[in-house]
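For reference, the structure is listed below as structure tokens.
The values are calculated or read from the model by the stated rules, or taken from the named source; none is laboratory data. Keep in mind the model is a prediction, meaning the values are calculated, not measured. These area figures cover heavy atoms from the full protein model, side chains too; ligands, DNA and RNA do not enter into them. Shrake-Rupley method; radii C 1.70, N 1.55, O 1.52, S 1.80 Å.
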Amino acid sequence: MGKIVCLMGKSSSGKDTIYKKLLAQNEVVLQAIVPYTTRPIRAGEREGVEYHFTDEAGFQELCSRGNVIEDRTYHTCLGMWRYFTVADDAVDLLHNDYVMIGTLEAYTKLQRFYGEEKVLAVMIDLDDGERLQRALDRERAQDDPKYEEMCRRFLADAEDFSGEKLKGAGIDRTFHNDKVDRCLNEILIYLQGNLTDRAGR
């Protein structure tokens, strides 16, 4: 049976970079689970790559079908944004391992949906000062920078990924992302020891 690697971390900790590198490497073969969001697409993002972009009506339609595994709602400075994971035929745990970016809440709900043994946590961390600088640089590059929302996310992360909540979710290991290649290598070693060797099936 395959597993889902749930990649987590505070805003601007480098999750997107690690995610893309995990999909591109050959040591561990992972398929992507692309989450959904109702927030506006950002400069440089593409539909079906970082997210599937939809609206409130699209979210409600998927809910009515029973396809939404987990969802999070953020009341931002720009309105209500939803992020959510959808169960569909694209996920085949009989034959593949997967990776997705999520939150602690998403991680625990995925465990309930698929089974604890089928969902593996990979928590990325980084110094708060470095994260804040990265977030500021990224926001400056947008056509319409939203600094107030950037600050809201930064403060919300302190609560969402508190030590108490990490402990409650059973996460006792993190991967420090001050140097991306070293961090990626440590994650790959961890995954090689925790994912099924498919060659031996």
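When ligands, DNA and RNA are left out and all protein chains stay put, how many square angstrom of accessible area per residue does the chain have with a 1.4 Å probe? Walk me through the intermediate numbers first.
Working: 10700 Å² over 201 residues.
Each residue of the chain exposes 53 Å² on average to a 1.4 Å probe.
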How large is the accessible surface of C63 in square angstrom, using a 1.4 angstrom probe and rounding to the nearest 10? 50 Å²
Can you give the accessible area of K15 in Å² (nearest 10), computed on protein heavy atoms with a 1.4 Å probe? 30 Å²
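Roughly to the nearest percent, how much of the accessible area of the chain is carbon and sulfur, given a 1.4 Å probe? Mind dumping the intermediate values first?
On the way: 5250 of 10700 Å².
Whole-percent figure for carbon plus sulfur exposure: 49.
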Aspartates and glutamates within cross-link reach of K146: Cα-Cα under 13 Å, excluding same-chain residues under 8 positions apart? D137
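Where Rh denotes the Kirkwood radius from the mean inverse Cα pair distance, what is Rg over Rh for the chain? Kindly include the intermediate steps, with their values, before the conclusion.
Numbers: Rg = 16.7 Å, Rh = 17.7 Å.
Rounded to two decimals, Rg/Rh equals 0.94.
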